[in-house]
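As structure tokens, the structure follows; a few thoughts come after it.
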Amino acid sequence: MASSNFVDYVKIFCRSGKGGPGSKHLYRDKLTMKGGPDGGDGGRGGHIILRGSKNHWTLIHLKYARHIHAGDGESGSLSRSFGKEGDDKVIEVPCGTVVYDAETGEFLCDITNDGEEVVLVKGGRGGQGNWHFRTATNQTPRFAQPGEPSIEKTVILQLKVLADVGLVGFPNAGKSTLLSVVSAAKPEIADYPFTTLVPNLGIVSYRDGKSFVMADIPGIIEGAAEGRGLGLRFLRHIERNSILLFMIPVDSEDVVKEYDILLNELKQYNPELVDKQRILAITKCDMLDDELLEEMKKELPQGIQTVFISSVSGMGIPELKDLIWTEINKESNKVVEITHRPMEIAYHEVEEEIEEEIDEEEEDDLSQYKGIGWDEL
């Protein structure tokens with residue numbers, strides 16, 4: 001997928017439909033002069049609805065559709081006829097989309113399943129007609145209830161990729177190469193850091209027609225949780241993965257240190273990520289012989305399953321697939337629920353700047369324009 005086509009963050013303005021007013025109609029015909037109230041209720045305003053869709057992989061279809069408006073409800077009419085309801089506006093989003101309030105950063109909802117619908121902004125209720133306000137002392141009410149106004153809300157949509165296993169490692173650790181070998185994905189591969197700028201998904205074929213989804217996450221460096229490198233932008237995609245595959249090259253100076261750095265960055269971003277099942281893959285093992293590999297096994301982190309692989313020669317790839325398949329099918333590793341923290345909203349002092357510009361314009365000396373016709377108007 002081209003990097004320009006991968007959009008995982010959009011801000012949109014939503015406005016629901018306003019409710020239609022109730023009718024104040026009084027019944028009249030050629031035989032009835034004063035038939036009493038028969039005004040109908042106004043129609044409900046349209047909702048803004050989010051719907052999960054497996055046909056969308058990114059939020060690119062919303063990149064240039066920043067204003068979403070639902071239809072207004074129509075007014076009630078005679079004979080207690082209800083007004084037509086406003087048209088609902090359905091926004092299709094990829095599964096894994098999280099919605100936040102753009103003003104407060106509050107978590108609003110989460111779309112995880114295909115066809116799942118959530119009413120994001122409710123339409124205004126229609127007003128009641130004068131039929132509802134008749135009483136023994138006021139048998140001919142000449143008033144009706146207005147419809148409720150529309151609701152406006154600015155929301156932020158974030159996509160968190162749904163995958164069974166996520167690849168975590170420093171730049172140039174061999175993540176994209178592994179994905180290209182075990183799946184039909186074609187990520188960009190080069191010999192310089194940060195080749196992968198957006199997450200890539202691949203369907204990995206397993207035995208007997210079985211398969212699982214693997215996500216290649218852009219490289220993490222020390223300080224990523226504080227904004228270094230690609231920062232926090234893509235760390236959120238790891239939250240959706242059932243297990244994490246840490247990848248460290250065999251030629252690293254200190255495998256344990258690099259593993260601890262990666263684990264610490266995930267912990268700083270979201271402490272819940274540390275509870276996920278982890279597998280360690282030592283990559284580029286075709287560079288070493290059997291004797292050196294045996295020596296290296298003594299310097300590995302403790303308490304984590306380790307596999308030695310080589311994407312070029314195919315060494316250890318079948319064993320890695322077996323291990324991943326076993327782990328993702330364990331009930332304890334299935335993603336049941338994710339706690340979404342409130343988003344930190346960076347407020348820019350735009351309004352203050354505009355006010356300062358207005359004040360400066362008001363303080364301009366207009367005496368320079370005297371004598372050119374303005375003072376005669």
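The values are calculated or read from the model by the stated rules, or taken from the named source; none is laboratory data. A quick note: this is a predicted structure, and the numbers were derived from the prediction, not measured. Note that we place each Cβ from the backbone using ideal geometry, even for glycine, and neighbour counts take in every protein chain shown.
Observations
- Restricting Glu299, Glu337 to residues that are of a type in the set (Asp, Glu), at pLDDT below 85 and under 37 Å from the mean Cα position of the chain (by Cα) narrows the list to Glu337.
The rows are residues; the columns are (1) under 27 Å from Lys160 (Cα atoms); (2) exposed (fewer than 10 other Cβ atoms within 10 Å of the Cβ); (3) of a type in the set (A, V, I, L, M, F, W, C); (4) modelled with pLDDT under 70.
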position: Ile282; (1), (2), (3), (4): yes, no, yes, no
position: Leu293; (1), (2), (3), (4): no, no, yes, no
position: Gly314; (1), (2), (3), (4): no, no, no, no
position: Asn329; (1), (2), (3), (4): yes, no, no, no
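- Subset of the range 189-205 that is surrounded by 15 or more Cβ atoms within 10 Å (Cβ to Cβ) and not aliphatic (A, V, I, L, M) - its residue that is modelled with the lowest pLDDT: Thr195
- Qualifying residue in the range 9-28 (condition: touching a His at 6+ places or on another chain (Cβ under 7 Å) and among the small types (Gly, Ala, Ser)): yes
- Lone qualifier among Val90, Val155, Val99, Val121 - being more than 30 Å from Gly209 (Cβ to Cβ), in contact with a strand residue (DSSP E or B) (Cβ under 8 Å, 6 or more places away or on another chain), without any contact (Cβ under 8 Å) to a residue 60 or more places away in the chain and buried (at least 17 other Cβ atoms within 10 Å of the Cβ): Val99
- Failed condition for Gly303, given (1) assigned to a loop (DSSP other than H, G, I, E, B); (2) in contact (Cβ under 8 Å) with a residue 12 or more places away in the chain; (3) surrounded by fewer than 17 Cβ atoms within 10 Å (Cβ to Cβ): (2)
- Qualifying residue in the range 173-183 (condition: among the β-branched types (Val, Ile, Thr), modelled with pLDDT of 85 or more and either within 27 Å of the chain's Cα centre (by Cα) or not assigned by TED's automatic domain parsing to the domain that holds His237 (or both)): no
- Candidates are the residues of the range 1-48 that are aliphatic (A, V, I, L, M) and within 47 Å of the chain's Cα centre (by Cα); the one that is surrounded by the most Cβ atoms within 10 Å (Cβ to Cβ) is Ile48.
- Within the range 27-60, being among the polar types (S, T, N, Q), touching a residue at least 24 places away in the same chain (Cβ under 8 Å) and assigned to a strand (DSSP E or B) holds for one residue alone: Ser53.
- The one condition from (1) outside the structural domain of Asn241 (by TED's automatic domain parsing); (2) free of Cβ contacts under 8 Å to residues at least 40 places away in the same chain; (3) assigned to a strand (DSSP E or B) that Ile203 does not meet is (1).
- Pick from the range 210-259, criterion among the charged types (D, E, K, R) and in a helix (DSSP H, G or I), ranking: modelled with the lowest pLDDT: Glu226
- Test for Val161: is it modelled with pLDDT under 90 and in a loop (DSSP other than H, G, I, E, B): yes
- Residue in the range 266-280 that is surrounded by the fewest Cβ atoms within 10 Å (Cβ to Cβ), counting only those that are part of a helix (DSSP H, G or I) and charged (D, E, K, R): Asp275
- Look at (1) under 28 Å from the mean Cα position of the chain (by Cα); (2) surrounded by fewer than 18 Cβ atoms within 10 Å (Cβ to Cβ); (3) farther than 30 Å from Tyr100 by Cβ and you find that Gln139 fails only one, number (1).
- When the range 1-26 is filtered for residues that are assigned to a helix (DSSP H, G or I) and closer than 18 Å to Ile68 by Cα, nothing remains.
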